[in-house]
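Engineer: Handing you a structure now.
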Amino acid sequence: MIKIPTVGLIETPTILALCSYHSMVCYGQKSAHPALMRIALNIVRSTSMNKAKRPTRFGNIDALVKSGGDITIGRVGPVPCAATAADESQSLAMLVRRPRESLDALMDRLDQAIGKAWDEEEYIDEING
């Protein structure tokens, strides 16, 4: 018998999302509704990680990557250095590295932009204007 942790369970007729610190599994349809995915990601970020395991920095980046999203740092077209973040369905943030900005500071801005996209549905795009 498989034991399923019940850290955070969201159930509707078409989707069952099991959220834990290590994984997020969605059953019942090919892709979950973005609002349900945001709820599931918030569960992963807030309730399933105890304080001892919670990363002190880049918590939003960590949650995004663990849920199947990705970040990219490097050249984007004519932009010599950019940082982008996307989940499985959309771009969350596209930032241009500022003159004399450290990579650490760029990563901090990206982490904050991901949080803003999830919490306030405000998507930052510095590359396309």
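Engineer: Multiply the residue separation of R100 and K116 by 0.36 nm, subtract the distance between their alpha-carbon atoms, and state the gained length in nm to one decimal.
Structural biologist: 3.3 nm
Engineer: Need one number: nm distance between label points at Q90 and N128, each 7 Å from Cα along Cα→Cβ, rounded to one decimal.
Structural biologist: Distance between the two pseudo-spin positions: 1.2 nm.
Engineer: Place the peptides 62-75, 99-112 in order of packing, highest mean first, counting for every residue the other Cβ atoms within 10 Å and averaging per peptide. Intermediate values should be presented prior to the final figure.
Structural biologist: Values: 62-75: 16.3, 99-112: 14.1.
Going by the mean number of other Cβ atoms within 10 Å, highest first, we get 62-75, 99-112.
Engineer: For a test of the definition: using alpha carbon positions, the gyration tensor, and the 1.5 limit on a/c, classify the stretch 58-129 as rounded, prolate or oblate.
Structural biologist: prolate
The numbers here are math on the coordinates, done by the rules we state, and not lab data. These numbers were taken from a predicted model, which means no experiment stands behind them. Reconstructed Cβ throughout: ideal geometry from the backbone, glycine too, with neighbour counts over all protein chains shown.
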